[in-house]
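Computed from the coordinates by the stated procedures, all read-outs in this text should not be read as laboratory data. Quantities reported herein were computed from a predicted structural model and do not represent experimental measurements. Because the Cβ atoms are built from the backbone with ideal geometry, glycine has one as well, and the counts that use them run over all protein chains shown.
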Amino acid sequence: MNKNVKLLRAHDNQIVDASLLTLSDKHLDDFETFWKHRLQASSEEDRHWDWAMKSRRTTLSLNYEKYALECDRIAQGLMMLEIDFHRSRLEPPKDIVYVDFLATAPWNRPSVENLPTYKGVGSALFDFAVLRSFELGYRGRVGLHALPRAAGFYTKKGMADFGTDPDKENLTYFELCQGQRAGVDY
Amino acid sequence: MNLEFDEKWLEKAIQIEDEAGCDVQAGLDLGRNSATYIATAKSYIDHEKLMLILKEGLGNLFALEELEALAVNLQNCTRDCVIEKLQAGKTA
């Protein structure tokens, strides 16, 4: 899988080419080399995440799809999807794509950098999850539990807010129905 | 559906990101709320109870200091297993 994506390089306002790829060992190495120490030194909500372990745990499962957004030969964002077993709360019992994990590189985050290196990384990953939902015949239905600092983005994308989920550490569950209000002409 | 991640898409994407003014992340957030608990080996097993069991079962074989070391090792090992389990945890 290799899908072309445009990103904005913020410091010179230039549009640059990026690639959405199936997650590889190289991307996990990027996480270890470039992301991890910056996250662990931060107060980011995902500072404890171990993407290599997450990937290993799901290697044999057909339920998982794992992706990386690569630009400048470095992983700028990572995402893990579940494509089966999750059902819609908006339209039960229809299938949804569930975003298991989604993170952008620390240098692309407004909470870490006043001027993120690349803009559009998180949007590309999220919109790709919606695209996969359409490809799988789920008509754009996507669900996820948002990290608290990211909830505003999913609201802006037009996802339905189901409130905090006591079974999931009180994270807020969001669901997109048929991609109708996601700010993109799906 | 054929979504292209082109300049037109990017313009809209950045507008939404800027308006939201936040990071884009999703997934279970165990570390934020339970880091202190996870980091404490003695959170999972009562040390005194464990020592009682070890003394009862192995008291004739090991000295008290050795049993103490066994108990600490077991608690540390348990903590590491819990962390591994939680980090691999699914959100639904």
Gain in span if fully extended, A:ASN13 to A:ASP29, counting 0.36 nm per residue against the direct Cα distance: 2.9 nm
Cα-based reach from B:LYS12 at 12 Å (exclusive), listing aspartates and glutamates while leaving out same-chain residues under 8 positions away: A:ASP127, A:ASP185
Evaluate E = 1/(1 + (r/R0)^6) for A:ASP161 and B:GLU68, where r is the Cβ-Cβ distance and R0 equals 35 Å; express this FRET efficiency to the nearest 0.05. 0.10
Low-density loop cleavage sites - trypsin sites (Lys or Arg not before Pro) in region A:90-146, where at most 15 other Cβ are within 10 Å (DSSP): A:LYS94
With a ≥ b ≥ c from the Cα gyration tensor eigenvalues, square-rooted, and the rule rounded for a/c under 1.5, otherwise prolate when a/b > b/c and oblate otherwise, the protein assembly as shown is prolate
In degrees between 0 and 90, to the nearest 10, how far off the longest principal axis of chain A does helix A:121-135 point, with axes built from Cα atoms? 40
Going by the alpha-carbon gyration tensor, a ≥ b ≥ c the square roots of its eigenvalues, is region A:11-120 rounded (a/c under 1.5) or, if a/c is not under 1.5, prolate (a/b greater than b/c) versus oblate? prolate
Here are some pairs, A:LYS54/A:LYS157; A:LYS36/A:LYS66; A:LYS36/B:LYS8; A:LYS168/B:LYS49; A:LYS6/A:LYS157; A:LYS3/A:LYS119; which of them have Cα atoms lying more than 29 Å apart in this structure? A:LYS36/B:LYS8; A:LYS168/B:LYS49
For region A:40-186, what does the alpha-carbon gyration tensor say about shape, rounded, prolate or oblate, given a ≥ b ≥ c as the root eigenvalues, a/c under 1.5 as rounded, and a/b over b/c as prolate? rounded
Going by C-beta contacts inside 10 Å, put A:ARG38, B:ARG79 in order with the fewest on the left. A:ARG38, B:ARG79
In peptide A:75-85, what is the residue-averaged number of other protein chain Cβ atoms found within 10 Å of each Cβ? 1
Extension gain from A:LYS94 to A:SER61, taking 0.36 nm per residue of separation minus the Cα-Cα distance: 9.8 nm
If you stretched the chain out fully between A:ASN2 and A:PHE85, how much longer would it get, using 0.36 nm times the residue separation minus the C-alpha to C-alpha distance? 27.3 nm
Over region A:28-98, calculate the relative contact order: mean separation of alpha carbon pairs under 8 Å at least 6 apart, over the residue count, as a percent. 19
So, R0 is 35 Å and r is the distance between the beta-carbons of A:ALA41 and B:CYS81; what FRET efficiency does that work out to, to 0.05? 0.85
